[in-house]
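See structure below.
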Amino acid sequence: MGAVLVFFYMGFEHSIVNMYLFPSGLMLGRNFSIADHFIWNEIPTVVGNLVGGLTFVGLTLYTTHARTGATRHRPAAPATPAPVAEDVPALVQ
């Protein structure tokens, strides 16, 4: 509980922190609804966390490791000759 409050005190918005703080505010008598909580806080926070996580983690990892990663070569398909007309069995009538 203490780490959650310090995280919030530092000014960070995170969906997990808000899942703790806003219901706590409801229990302490604040005047907002669950719908207000989801529409004006939880949904924008989750979207922001996804965009920020993809941008700052995913894009950073891609740009730093795309050139330094091992090159992967797809093995060449074995050369197989095309079927010849004599190799195809004739239909029995």
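List pairs: first in the stretch 10-34 and in contact (Cβ under 8 Å) with a residue 40 or more places away in the chain and among the aromatic types (Phe, Trp, Tyr), second surrounded by 10 or more Cβ atoms within 10 Å (Cβ to Cβ) and not in a loop (DSSP other than H, G, I, E, B), Cβ under 8 Å, 6+ apart or cross-chain?
If the second residue must be surrounded by 10 or more Cβ atoms within 10 Å (Cβ to Cβ) and not in a loop (DSSP other than H, G, I, E, B), no pairs are left.
Out of THR71, THR63, I need the residue that is of a type in the set (Ser, Thr, Tyr), modelled with pLDDT under 80 and loosely packed, with under 10 Cβ neighbours inside 10 Å. Which one?
Values: THR63 fails: modelled with pLDDT under 80.
One residue alone meets the criteria, THR71.
Listed residues ALA35, ALA3; which is of a type in the set (A, V, I, L, M, F, W, C), in a helix (DSSP H, G or I), open to solvent by less than 100 Å² (accessible area, probe 1.4 Å) and at pLDDT 85 or above?
Details: ALA3 fails: at pLDDT 85 or above.
Being of a type in the set (A, V, I, L, M, F, W, C), in a helix (DSSP H, G or I), open to solvent by less than 100 Å² (accessible area, probe 1.4 Å) and at pLDDT 85 or above holds for just one of ALA35, ALA3, which is ALA35.
Filter the stretch 78-87 for residues that are open to solvent by 90 Å² or more (accessible area, probe 1.4 Å), of a type outside the set (S, T, N, Q) and assigned to a loop (DSSP other than H, G, I, E, B); which is modelled with the lowest pLDDT?
It comes out as PRO83.
The values are calculated or read from the model by the stated rules, or taken from the named source; none is laboratory data. Model, not experiment: these values are computed from the prediction. Reconstructed Cβ throughout: ideal geometry from the backbone, glycine too, with neighbour counts over all protein chains shown. Protein only, heavy atoms only, side chains kept; ligands, DNA and RNA dropped before computing areas. Shrake-Rupley method; radii C 1.70, N 1.55, O 1.52, S 1.80 Å.
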